[in-house]
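Undergrad: Sharing a structure with you now.
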Amino acid sequence: MKIEGLITCPETKARAGQIHTDHGSINTPVFMPVGTAGSVKSLSPVDLIETGSQIILGNTYHLLLRPGTEVMQSAGGLHKFMSWDGPILTDSGGYQVFSLGQLNKITEEGVVFQSRLDGSKHKLSSEISMDIQRVLGSDIVMAFDECTSYPATIQQARTSMQLTHRWEQRSLDYFRSTDPLYDHEQQLFGIVQGSVYPELRKESAKILVDMGFDGYAIGGLSVGEPKADMYAITDVVTDILPQDQPRYLMGVGKPEDLVEAVNLGVDMFDCVLPTRNARHGILFTWDGPVSVKAAREKDAHFPLDSECQCYCCQNFSRAYLRHLFKANELLVYRLASIHNIHFYHELMDGMRQSIIEGSFATFKQDFFARYNLKRAEKHN
């Protein structure tokens, strides 16, 4: 998979281009809303399109547990199951196994874990993960990896990284030996690991590039490490990854982090933050996040963001949103999520346009001059 029409910022590592899939093209840099169980919480596919979503993320672990692969295959894959005609990326399930599941055993073969739903036992391996993602029919498939916990000693990180490399080679070999189940192509991304150790990250990136994946992700960040380490590792890895292939920073989603990571040469992002924060009344604006549940919003009969063109801001006031939260009305989850997802796409579109115009460094400077980081830290 190549990034077509690549434009790079003359002053930074920021890039803009286009990724092509059989379900449509994706302008980068891009943010991918997370549809964990085949749904971006509270939003319909029409809502996603109207907010500007180009690609969404599905979750192998959750969809394996419910509804299961038999239901998914009988539906004709995830696109048809959820009535989404655009591109889909699915993760391998590895991160959720380690963060949500009760582990029974990790071996060279894979992992056996207990379902968080009913306690039943399941197995995931490189081959099983590839089979599930073939059934899901995602446009972009992620290799099976072990997400290194933080903190980890360098030896622990090296052992975990080496296991990931063996699992990813198996993922690649098995993926190449099988065919898509539906009438579209699928691409496989490798995942760079190595915790916060630059020498391990360099080694991991070089090994994966030699394996020859269709794109590359940076995993194991935003798991508790200092922000300075996250930025430093991202910078190290993007120096090694191929210039003409997609780069995906997994699970990183604070607006300020998106701007910094685009500055460091990342193309793709996903995170539950915009929809999760929306459900808690934390809405993003160019001046920083706003808590619409706050008492000061009781008589705020004006839009959340006067600059925003989303359905929420064009039709409803802060006071009305506060009322809906206080009254436990379900509508507010949809309205708040529409706004936050729209804001994220506007942020990505603004960065893309500035890269194309050669003014990304100015965009970044203006963003941080306006965006209230103290307020952001309070609400993130």
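Every read-out reported here was derived from the displayed coordinates using simple, explicitly stated rules and does not represent laboratory data. These numbers come from a predicted model, not from an experiment. All Cβ positions, even for glycine, are placed from backbone atoms using ideal geometry, and neighbour counts span all protein chains on display.
Undergrad: Give me Rg/Rg_expected for the stretch 179-289, where Rg uses Cα atoms only and Rg_expected = 2.2 N^0.38 Å with N residues. Let's see the in-between values first.
TA: Values: Rg = 15.5 Å, N = 111, 2.2 N^0.38 = 13.2 Å.
Computed over Cα atoms of the stretch 179-289, the ratio equals 1.18.
Undergrad: Sticking with this structure for a sec: Can you pull the three principal axis extents for the Cα set of the stretch 279-379, in Å, largest first?
TA: 47, 26, 21
Undergrad: Give the Debye-formula value of log10 I(q)/I(0) at each listed q (0.07, 0.11, 0.14 Å⁻¹), with one equal scatterer per alpha carbon of the chain, two decimals each.
TA: Per q value, in the given order, log10 I(q)/I(0) is -0.30, -0.77, -1.25.
Undergrad: When ILE207, ILE128, ILE19, ILE154 are ordered from fewest to most other Cβ atoms inside 10 Å of their Cβ, what list results?
TA: Result, fewest neighbours first: ILE154, ILE207, ILE128, ILE19.
Undergrad: Name every cysteine in the chain that ends up alone, with no second cysteine's Cβ under 4.7 Å, or say none.
TA: Taking the Cβ cut-off of 4.7 Å, the unpaired cysteines of the chain are CYS9, CYS147, CYS271, CYS310, CYS312.
Undergrad: Here is a follow-up. Using the structure shown, list the pairs from LYS41/LYS378; LYS298/LYS326; LYS41/LYS105; LYS227/LYS374; LYS227/LYS378; LYS2/LYS254 with a Cα-Cα distance above 20 Å, or answer none.
TA: LYS41/LYS378; LYS41/LYS105; LYS2/LYS254
Undergrad: Same structure, new question: Under 12 Å from the Cβ of ARG352, count the other residues' Cβ atoms, weight Lys and Arg +1, Asp and Glu -1, and hand me the total. Intermediate results must be reported in sequence, preceding the final value.
TA: Details: positive: ARG15; negative: ASP267, GLU346, ASP349, GLU357.
Summing Lys/Arg as +1 and Asp/Glu as -1 gives -3.
Undergrad: While we're looking at this one, here's another question. So for TYR61, TYR95, TYR371, fewest C-beta neighbours within 10 Å to most, what's the order?
TA: Taking fewest neighbouring Cβ atoms as first place, the list is TYR371, TYR95, TYR61.
Undergrad: Here is a further query. Quick one: length gained pulling SER25 to ILE240 fully straight, 0.36 nm per residue minus the C-alpha distance?
TA: Numbers: separation 215, 0.36 × 215 = 77.40 nm, distance 2.53 nm.
Between SER25 and ILE240, full extension yields an extra 74.9 nm.
Undergrad: With a sphere of radius 9 Å drawn around the Cβ of ILE218, what net charge do the other residues whose Cβ falls strictly inside it have (Lys, Arg +1; Asp, Glu -1)? Each step should come with its number before you reach the end.
TA: Values: positive: ARG201, ARG247; negative: none.
Within the 9 Å Cβ shell, the charges total +2.
Undergrad: Would you mind calculating the relative contact order of the chain from Cα pairs under 8 angstrom and at least 6 residues apart, reporting the percent as a whole number?
TA: 18 percent
Undergrad: What is the order of TRP84, TRP286, fewest Cβ neighbours within 10 Å to most?
TA: So the ranking, lowest neighbour count to highest, is TRP286, TRP84.
Undergrad: Over all alpha-carbon pairs of the stretch 133-219, lay out the pair-distance distribution in 5 Å bins, whole %, shortest bin first.
TA: 3, 16, 26, 21, 15, 10, 6, 3, 1, 0
Undergrad: Turning to a different aspect of this structure: Could you tell me the center-to-center distance, by alpha carbons, between the stretch 330-349 and the stretch 31-85 in angstrom?
TA: Cα centroid to Cα centroid, the span is 17 Å.
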